[in-house]
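Here the structure is laid out as C-alpha cells; the discussion comes afterwards.
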Amino acid sequence: MKISLNWVNEFVDITDYFAKPRELADALVAAGLEVEQIDNPGEGFHHVVVGHIVELGRHPNADKLTLCQVDTGEKMRRQIVCGAKNHKQGDKVVVAIPGAVLPGDFAIKISKIRDVESQGMLCSESELAFKEKSEGILILPADAPIGEPFAKYWGLDDVVFEISITPNRADCLSHLGLAREIACVLNRPLRSASESKRAAAKSAHDAAAKARKNAVAVNVRDSNLCQRYCGRSVFGVKVGPSPAWMKRRLESLGVNSVNNVVDVTNYVMLERGQPLHAFDLACLRGEKTGSPQIIVTRAQSGEKFKTFDGTELTLTGEELTIRDADRAVALAGVIGGPNSGVSETTQDVFLEAAYFSPKGVRRTSRAHALETDSSYRFARGVDIEATLEAMNRACDLFHDLAGGTPSSDFVDVYPNPARRPSIVVRYENLSQRLGYSVDKADLGKILERLQCTVKEKGQNEITVEPPSFRVDLEIEMDIVEEYGRLNGYDKIPETFPVLCERPTDHAKSYRSEFVVREQLVREGFFEARNYAFLNPRWQSEFVDVARFGKMGLALDGEPVNVRNPLSEETSVMRMSLIPGLIHNLLHNEHRGVSHGRLFEIGRVFVKSADAKAADVESLAGFREPHRLAMLAWGYERGLWQKSDHPAVFDLKAAIESLIGHLNGRVEIQKWQGEANPPAFLHPGQTATVFYEGRTIGFLGSLHPMLRELHKIRSDAAIAELDVTALMRGQPRVAKIKSISKFPSVERDFSLVVRDSVTAGELVKEAEKAVGPLLQAVEVFDVFRGAGVPEGCQSVSIRLVLQDLNATLTEETLKTTTQTVLQRLGQKFDAKVRT
C-alpha cells in the first residue's frame, strides 16, 4: 500500500521526518510495519521552477526557434531558446535552469544554439516524464507563482512509502490509520480536522438543512453479513474532472482519476479506510409508485450479474448483493455493476457506506476471483464505528467539488451495535511473557497511546477496552504484544534456554528424504519444490488411479478438494508429484532450457472413497503417501557428443544407482515392460520397478502426442516411486566380504532371439544358470538388421565369472558356458550368432 507523508502530516506532525524519511521507516519497521520502498518524486526536479515569459521574439539565425526572456524569480531574466510553438508572451511555464538533471539523466547547462546563448530549457510533459509524447511545452495556469519550485507547485514535494500491511493490521490501510500508528509509535498527538475541512463541512451542513429529504428506502434483510448500512442522497451534482490537487494526490498513490464523484469515494477510502460506493439515483428502481429502493440480501442461486468492467458472473446464492426493486446492482463490498454506476449524465447520487462481514466478502471475492481495493479492506475488517463519519466526509467533498447538496437526513441501519471486548491484563503475566518487570505507569501511558479505555484498575490487574478501529485486539496476549512492540523489542533480555533433555532425534521420514536427496544431487539432479495444490483439470491429465495402482502407487480414493481455494488453479491437492514436474518441464522448455534433471520428494494426498463426514473432520479419512518423482529431458551437448542419448536411460541409471547406494548393490529383480501405461507415457518405453518382491513405481518416456501438444522439443522421461517401499528396512548395516585373490574371467555371447524376448529375461535366466560363480552380467549390444532374421534381434551379453577360493580352470569355464547357452536355448530358442 502506498502512503503519502504529506497526507499523513495532516493528521500528525511529522514535518521533521521529511528530510530523513529513512528514520521514520526504521521506526515503523521496528514497530512491525514493513516499509518496502521509499519514493521521493521531487528528488528529480531540483533547479526546476515556475517561470514567466516576459518577452517573446524570433531567433536571429533560425526561423523555427523562438528567443524568450523568462522571469524565474531571480534578480535577472534568463534568455532561453525554445523550439516549441504553443507558447506566447505572458505564459507561465516550467523552466529547468542550469544544474537541473531531468529524467533520463539529461543535464541542463548554459549552451549556444545557433550562436545564441540559452540559459535553460522550457520543459514539456514528456521531458518531465509525465507523458511519453507531448506536442509542446507545459503551460501552467496564470496564477502559478513565479520562482516557486516546480516540485512544490505540482505537489511532488512529497515522500511516498510503500508499506506491506499484515492481515491483522487492517487499521493501517488508510492515511488516518497510519497517522494513528505513527502518533502511537512516536508518542505524538493526533491533529484534529483542519479549519478548511470544518468550514467545508459547515457549508455542506447548512446546504443540507435546506435540501429535500433522502430519496432512497433501505431494507437490510441479512444483518449477519451487513451489520451496519449507512446511506445518503446527494442532489444536483455536476460530474466532471476532479481538481488538479486531488488528481495529483490520487495518481501519486497509483489510483487513476475517473471523475470528481468517483474520485471522492476513492479519496475518502484512502484517507479513512472506509470503502464507499456511489449509485446513480436515477438508475435505482423502486416499486411502481414508490421511491427508489436499496435491498441488502443474498443473491439468488444461478443469478447472472455483470460487473462494471463487463465480466458476467453466475452467482451461487452465498453472495451478499445490493439490489433495487428488480435486480442486483452491486456485489456487497466487492464490485459494482454498470446498471447503476455514475456517468457523465448523473445528476443525483445515493452514497453507500457500510460494514460488511469480512468472512462474507472474502468468500465472494475468492469464489469469483475478484480482488478490488474495497474487498481488500472489507475482508480484513473496517472500523464499524467510523462508517457514518466517512459517509459524511464524502458528502462534504461532493458539496465542495461537485456542487452537490446532501439530503437533510440519512439512513443508518445499525440494529445490533458492536461491542468491543473487555480485556483483563494481569501485571504478573505481562512481566512473565516479556521477560522483564513491567512498570504500571508505563503500561498506562502505552494504553493511552493505543487509545484503549481503562475500565477498571486493580492491584494485580487492569481491565481495558480497545478502540473500535483495532479489531485485532481481542485477548490478553494481544495487549502483551502491543506493550512489547511499543516499548521496544530490544528491551527483551536475551536468555539461552536451559537444555535439560537430550535433543529429539530426526524423524525417520526426514532421514529418508535426506539420504535420497544427497544421492540424487550427486547424480546431477536438482530438487524442485512445488505447491501441493493443483488445477483439477491439469491433475487429471497425469493421474490415472487404476493404472497407478497396478504399477505400485496405490491411490485408492478420491482427490482432496480445497474448501475455500484462492482460485481454480489451487482448488485440489495433488495425488502425484508428476503434474508439478511436468509444469516445471514446460516452464524450462519454453524458456530455452533444452536439458535438465529434476527430482521432487514429498507427500501426496488422497481421501478414502468410503470416508464418513466425521472421518473427514478428524482427518482420519485421509492418507498422505510418500513419493519420489524424477524428470529428465534433453541431453548435454558436447564436442564429442554425436547422437542423442534417450532420457529414459538416464532415469533408469539414476534409480539403479540410488538403490545400489541404499543397499550396497542393485537388488532390482527386474524392469518389467508395461504395455498399457497411463496415457501420458510412451507405451513402448515404460517399465515398472520391481524391488524386493514388490512393484514400487514406474518410469517411462513422455508420449510423443503429449510432447507435440505442449511443444516439448526435447526427449523427456519421468518416474515416480513409493518412498516408503524404497526405504523399508533403512538404514541397513553394510555387509562386508573379502576381495578375491583370484582373477575374474569375462565371457561374451551374441545370441539371436525373437523380438518378443527382452534383454532382462535373458539376464535373469543367465544368473540362474551360472550360480555363485557369476559376479556381474550386462547387456552391451542389441542389433537388428543385416545377418539377423526378420522378427529377431541379436542381444550381446557379457558374463563376469570369478571363484573366491581358486583360479577358474578352462574346463570349468567351458562347462559354465555350455550350461548358459543350453538353458537360454531351451527357454528362449536362443542361438549363437555367427
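The values are calculated or read from the model by the stated rules, or taken from the named source; none is laboratory data. Because the structure is a prediction, the values reported are computed rather than measured. Positions of Cβ are generated from backbone atoms using ideal geometry, with glycine treated the same way; all protein chains shown enter the neighbour counts. The accessibility values were calculated without ligands, DNA or RNA, using every heavy atom of the protein model including side chains. Shrake-Rupley method; radii C 1.70, N 1.55, O 1.52, S 1.80 Å.
Using only side-chain charges placed at the Cβ, +1 for Lys and Arg and -1 for Asp and Glu, the dipole size of the chain relative to its Cα centre rounds to 1020 debye.
For S118, the residues whose modelled amide H falls within less than 5 Å of its own, excluding neighbours fewer than 5 places apart on the same chain, are S111, K112, I113. Here the simple spin-label model places points 7 Å from the Cα toward Cβ, and for F18 and R212 these points are separated by 4.7 nm.
For region 745-832, taking the reciprocal of the average inverse distance between every pair of different Cα atoms yields a Kirkwood hydrodynamic radius of 13.4 Å.
Each pair of Cα atoms in region 327-426 enters the Kirkwood radius, and Stokes-Einstein at 20 °C and 1.002 mPa s then converts it into a translational diffusion coefficient of 135 µm²/s.
Give the residue from S701, A629, L397 lying farthest towards the positive end of the charge dipole for the chain; charges sit on Cβ (+1 for Lys and Arg, -1 for Asp and Glu) and the dipole is referred to the Cα centre. Sorting the options by dipole projection puts first S701. Taking each of K440/K491; K2/K92; K359/K445; K152/K238 in turn, the alpha-carbon distance tops 27 angstrom for K2/K92; K359/K445; K152/K238. For the chain, the direction-averaged projected area of the alpha-carbon convex hull comes to 57.1 nm².
Pair-distance distribution P(r) for region 297-341, from all Cα-Cα distances in 10 Å bins starting at 0: 33, 62, 5 percent. Within region 424-447, name every residue whose backbone N is under 17 Å away from a label modeled 7 Å from Cα of E461 along the Cβ vector. Taking a point 7 Å out along Cα→Cβ of E461, the residues of region 424-447 whose backbone N falls under 17 Å are 424-433. Across all directions, the shadow cast by the convex hull of region 423-488 built on its C-alpha atoms averages 3.9 square nanometres.
3J(HN,Hα) couplings calculated from phi for region 786-801 with the Karplus curve 6.51 cos²θ - 1.76 cosθ + 1.60 (θ = phi - 60°) are, in sequence order, 4, x, 10, x, 5, x, 10, 9, 9, 10, 9, 10, 10, 9, 10, 10 Hz; Gly and Pro show x.
Using a 1.4 angstrom probe on the protein heavy atoms only, line up D396, D63 by accessible area, largest first. Please report the intermediate quantities before stating the final value.
Working: D396 30, D63 140 Å².
Largest accessible area first, the list is D63, D396.
Taking each DSSP H run with n ≥ 4 as -39500 (n - 2.57) and averaging over every residue of the chain yields -8000 deg cm²/dmol at 222 nm.
Compared with the direct C-alpha span, the chain from K133 to E371 gains 82.4 nm at full extension, assuming 0.36 nm per residue. Over region 508-726, the hull volume per residue, using the convex hull of the C-alpha atoms, is 137 Å³. Note on Q300 and R419: with the Förster distance fixed at 30 Å, the Cβ-Cβ geometry gives a FRET efficiency of about 0.35.
Amide H contacts of Q685: S701, each under 5 Å away and 5 or more positions distant or on a separate chain (H built 1.01 Å from N in the peptide plane; Pro and chain starts excluded). Using a probe of 1.4 angstrom and keeping all protein chains present, the accessible surface of the chain works out to 52 square angstrom per residue. In the context of the full protein assembly, L156 retains an accessible surface of approximately 30 Å², using a probe radius of 1.4 Å and ignoring ligands and nucleic acids.
Extension gain, D26-V521: 0.36 nm per intervening residue step, less the Cα-Cα distance, totals 174.1 nm.
Would you calculate the convex hull of the Cα atoms in region 43-153 and tell me its volume per residue in Å³? Could you put the intermediate results ahead of the total?
Values: hull volume 11.0 nm³, N = 111.
Enclosed volume per residue, from the Cα hull, is 100 Å³.
For region 246-345, the extents of the C-alpha atoms along the principal axes are 42, 31, 24 Å, listed from largest to smallest.
Between K711 and H645, the contour length at 0.36 nm per residue exceeds the alpha carbon distance by 21.8 nm.
For region 673-824, what number results from the quotient of the Cα radius of gyration and 2.2 N^0.38 Å? Mind dumping the intermediate values first?
Numbers: Rg = 19.9 Å, N = 152, 2.2 N^0.38 = 14.8 Å.
Dividing the Cα radius of gyration by 2.2 N^0.38 Å gives 1.34.
Computed over Cα pairs, the Kirkwood radius of region 87-203 leads via Stokes-Einstein (1.567 mPa s, 4 °C) to a diffusion coefficient of 69 µm² per second. Quick one: go through region 724-764 and flag any residue whose amide nitrogen is under 14 Å from the point 7 Å out along the Cα-to-Cβ line of D781. The answer is 748-752, whose backbone nitrogens lie closer than 14 Å to the label point. In this view, the solvent-accessible surface of I446, computed with a 1.4 Å probe and all protein chains in place, comes to about 10 Å². Using Cβ point charges alone (K and R +1, D and E -1), the dipole size of region 508-726 about the Cα centre works out to roughly 260 debye. Here K827 is the anchor, and the lysines within straight C-alpha reach of less than 30 Å, apart from those fewer than 8 places off in the same chain, are K550, K652, K670, K764, K768, K814.
To the nearest 0.05, how large is the calculated FRET efficiency for R833 and K768 if R₀ is 22 Å and r is the Cβ-Cβ distance?
Values: r = 22 Å, r/R0 = 1.01.
After rounding, the FRET efficiency stands at 0.50.
Under the membrane-span-like helix rule (DSSP H runs whose alpha carbons stretch at least 20 Å along the helix axis, mean Kyte-Doolittle hydropathy -1.0 or higher), the chain yields 195-209, 387-402, 508-522, 647-663, 810-828.
In this Cβ point-charge picture (+1 for Lys and Arg, -1 for Asp and Glu), region 475-565 has a dipole of about 480 debye about its Cα centre. On the beta carbon distance between E476 and K735, with R0 = 60 Å, the FRET formula returns roughly 0.50.
Size descriptor for region 195-413, Kirkwood hydrodynamic radius: 17.3 Å (Cα pairs only, one decimal).
How do C230, C283 stack up against each other in accessible area, from largest to smallest, with a 1.4 angstrom probe? Can you show the working numbers first?
On the way: C230 0, C283 45 Å².
From most accessible down to least: C283, C230.
For the chain, the share of accessible area belonging to carbon and sulfur comes to 50 percent (1.4 Å probe, ligands and nucleic acids excluded).
Residues whose amide H lies under 5 Å from that of V572, counting only those 5 or more places away or on a different chain, are L534, V562; hydrogens are built 1.01 Å from N in the peptide plane. Label-to-label distance for R798 and A507 is 4.5 nm, based on points extended 7 Å past Cα in the beta-carbon direction.
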